[in-house]
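Here the structure comes first, spelled out in structure tokens, and everything after it is commentary.
Values in this text are rule-based calculations from the coordinates and carry no lab data. All figures in this text were calculated on a predicted structure; none of them were measured in a lab. Methodologically, a virtual Cβ is constructed for each residue, glycine included, from the backbone with ideal geometry; neighbour enumeration extends over all protein chains shown.
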Amino acid sequence: MIGHAEKAAPFAANEKRAHWHDQALWFVRLKRDRQAESIPEWEELRQTASAIKAHTLSRIADYLEEFERNATNNRIQVHWACDAAEHNAIVHKILADRGITRLVKSKSMLTEECHLNPYLEARGIEVTDTDLGERIVQLRHEPPSHIVLPAIHLKKEDIGELFHKELGTQAGASDPKYLTEAARGHLRQKFMAAQAGLTGVNFAVAETGGFVVCTNEGNADMGTSLPRVHIACMGFEKLVPRSKDLAVFLRLLARSATGQPVTSYTTHFHGPVRGGELHIVIVDNGRSTILGQETFRRSLSCIRCGACMNTCPVFRRSGGYSYGYTIPGPIGSLLAPLRDPKNFASLPFASSLCGSCSDVCPVKIDLHHELYAFRQDMVRGKRVPLAKRLAMAGMSYVLAQTWAYRLAGGLMRGIVPRMPRALVYGPWNPWGRQRELPPMPRHSARGLIQRDLTQKGAK
Amino acid sequence: MPRVGLFIPCYIDQFYPQVGLASWRLLRRLGIEVEFPEEQTCCGQPMANSGCAECTRPLAEKFLRIFGKYDYVVAPSGSCVSMVRNHYAQWLSGREGFDHLRANTFELCEYLVDVARVSKIDGDFPCKVGLHMSCHGLRELRLARSSELMVKPFNKVRFLLGQLRGIEIVELTRPDECCGFGGTFAVNEEAVSCLMGRDRLADHERAGAEIITGFDTSCLMHLEGLIRREKKPLRVMHVAEILEQARLS
Ligand code: SF4
């Protein structure tokens, strides 16, 4: 599989567009800063959230059983899926048993992870994503490029063109208000015709057996109050023990995600609508394997706020698709290779390890240190090209012997300045493609320090 | 009088000797008994950064062997110090002298402020300076508050530089965005790395900087590479080179 660097290069090469993407996301980061600043106990909140998640994960089986009991008491039907295939089959069966052929969905990264849409569509079910950004990428037959802002890679002109083709808006129209209105009208028909609604889950509460869905467009509410059947899908790590824990997470989520104090709609579900059914599908799909790995366990604390993507200087300049996985950015660079180390071996290296992600993360996942640790796994598993591993071994040998290091350094400084430029700056020198090499001075620092010492001595 | 071992990272030793010399002189002029152990080479960061744990081990061990005997170890590099403080445990945990080494290895500015308790800087530097807050010094050593954290602002480097007469530290629109060096990242992800670097330069230029300074020569080497290729009217200087001119007390 081609690595991150190869996919990032063309994105970064279109500098104008890369800068636009960078600015759009940086704007969200700044909004987040302003919101976080307004809460004096922000850092305390992060610490608490992190502790709650760590505790929950340490007793996840108990909490899941507690949740199942309480949810069942709430007349919610609980299903368990060990992987994506089982998850998709469960959802399909619920729909097929009831003869349902039209489904509306609100945003759910889990169903993206499981590739539910194509699965259902192949079985004759019309699936409509109702989050505006998700609908846009769905119409383009693309995956989302960001977990909170699925269409952030597109400009309004791109969307105008798409809507002209798909929804019959005026050619050349790119006014966001006009386009949003058009999407609204289009989605309304889909809502009215839907026979079932599917949502994700932001938080499930063990103590009550209820769950919370956050959106800004109210589409989850439309999708679950009109049709009779509501299916909610969640990875098992979405659990928190108590209702009052929501007071911590809901304050962090929207502020970190979009820089809003709270999402426009925060809906608590505690049972089916009158005369309807409510199903919840709890999915593992590799999560318990991650839970068993001490170094990477904390990545399951993620509340999918997207802040690490917005702040990541690499993500902003390489785009979500360069990661090749449903969840991109720093957290995706952990989750993807945790699932499939062979195909995503380049992702732990797709970071300058600047650490901004770890400082921004509302649940304090030590993202950049986990990426650093993951690199060692990749080398141990021989998933880093042999040439690179050999180069490092050679470098290590030279650096470990003071005489070899001094000799190599002296030779380099002596020879490189005398070499023809074309030879130094050939295609074999990635440093020099856009940058000059550092100066090659006559003396090393140790030489200068020695001289300084002898001069002082002479005085 | 404590004995201080000066660690000069390999790339400074080879490419930016004046930074090593400035750090040396700066400490000596403070009256500190500083030594430069000749045997030193590299902290092992390039290997560690690439995930090559076994290639890093001999360098970590070498570092401990050479520097374990000093009361303090000082290096003009945030990332090398972070290597010792945050990553060496993997190879050296439990070894004799490691806990002492880890607790007493400092980045230069950090050493000046926290250990040598320098509070007054007497000197002139009438220039417009952009301060590049390299990530490892910033977020691994906490030389300053990072912009993500909602704690009281502080900046140890700015505290030192800001006292120079005539200096104007320009205000950047993104005070601590990564320059894209990132060790081997600079070549593995060359395209993104260079774009990040150029964006940093643009921010400094917009703010009117004449000189970009910082405490990590590796980042400055990357930025200088871009500056020289594009022939921009900017210069890079390590903080030690600026402070060396002044009287510290
Ligand atoms: S890792 Fe942290 S910052 Fe990134 S999406 Fe998850 S919760 Fe948000």
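Tabulated data
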quantity	calculated
For chain B: relative contact order, % (alpha-carbon pairs under 8 angstrom, 6 or more apart)	21 percent
Among B:208-216, A:343-351, the order from most to least packed when residues are scored by Cβ within 10 Å on average	A:343-351, B:208-216
Size of charge dipole - the protein assembly as shown - debye, nearest 20, with Cβ of Lys, Arg +1 and Asp, Glu -1, no other charges	1260 debye
Shielding of B:32-44 by partner chains, average beta-carbon count, 10 Å	3
On Cα atoms only, tilt of A:156-167 relative to the major axis of chain A in degrees	40 degrees
Label-zone membership for the stretch B:101-127, site B:Arg165, 7 angstrom Cα→C-beta point, backbone N under 14 Å	B:121-127
Stretch gain in nm, segment A:Glu41-A:Gln455, where the contour uses 0.36 nm per residue and the Cα spacing is subtracted	143.4 nm
Length-normalised contact order for the stretch A:348-400 - Cα pairs under 8 Å, 6+ apart - percent	28 percent
Using a Förster distance of 60 Å, the FRET efficiency for A:Val416-A:Thr289 (Cβ separation, nearest 0.05)	0.80
The stretch A:182-221 residues near the modelled A:Glu126 label - backbone nitrogen below 14 Å, point 7 Å along Cα→Cβ	A:186-196
Length gained when the stretch A:Lys177-A:Lys244 is fully extended (0.36 nm per residue, less Cα-Cα span)	20.3 nm
Spatial separation of Cα centroids for the stretch A:330-405 and the stretch B:4-70, in angstrom	23 Å
Placed amide H near A:His279: partners under 5 Å, 5+ positions off or other chain	A:Gln77, A:His230, A:Ile231, A:Ala232
Charged-residue dipole, Cβ positions (Lys, Arg, Asp, Glu), chain B about Cα centre, Debye nearest 20	420 debye
GluC sites (Glu not before Pro) restricted to the stretch A:9-82 and DSSP loop, no more than 16 other C-beta within 10 Å	A:Glu41
Chain A, relative contact order [Cα under 8 Å, separation at least 6], %	20 percent
For the stretch A:441-454, Karplus couplings with θ = phi - 60° (6.51, -1.76, 1.60), whole Hz, Gly/Pro x	x, 5, 9, 8, 4, 5, x, 5, 5, 4, 4, 4, 5, 5
Cross-link partners of B:Lys69 among aspartates and glutamates (Cα-Cα below 19 Å; sequence separation of 8 or more within a chain)	B:Glu33, B:Glu35, B:Glu38, B:Glu39, B:Glu61, B:Glu96, B:Asp99, B:Glu107
Cleavage-rule hits (chymotrypsin sites (Phe, Trp or Tyr not before Pro)) in the stretch A:359-459: DSSP loop, at most 15 neighbouring Cβ within 10 angstrom	A:Trp428
Cβ neighbours within 10 Å from other chains - mean over A:370-380	4
Pairwise FRET efficiency - A:Leu390 versus B:Gln90, Cβ, R0 = 35 Å, nearest 0.05	0.95
For A:Val240, residues with placed amide H under 5 Å, excluding near neighbours	A:Ala204, A:Val205, A:Ala206
Label-point separation, A:Phe27 to A:Glu207 (7 Å along Cα→Cβ), nm	4.0 nm
In order through the stretch A:62-72: 3J(HN,Hα) via Karplus (6.51 cos²θ - 1.76 cosθ + 1.60), integer Hz, x for Gly, Pro	4, 5, 5, 5, 4, 4, 4, 4, 5, 5, 4
Shielding by partners, peptide A:314-326 (average Cβ within 10 angstrom, other chains)	2
Ellipticity estimate at 222 nm from DSSP helix runs (n ≥ 4, -39,500 (n - 2.57)) divided over the protein assembly as shown, nearest 500	-14000 deg cm²/dmol
Label-point gap, in nm, between A:Asn14 and A:Arg442 - each point 7 angstrom along Cα→Cβ	5.1 nm
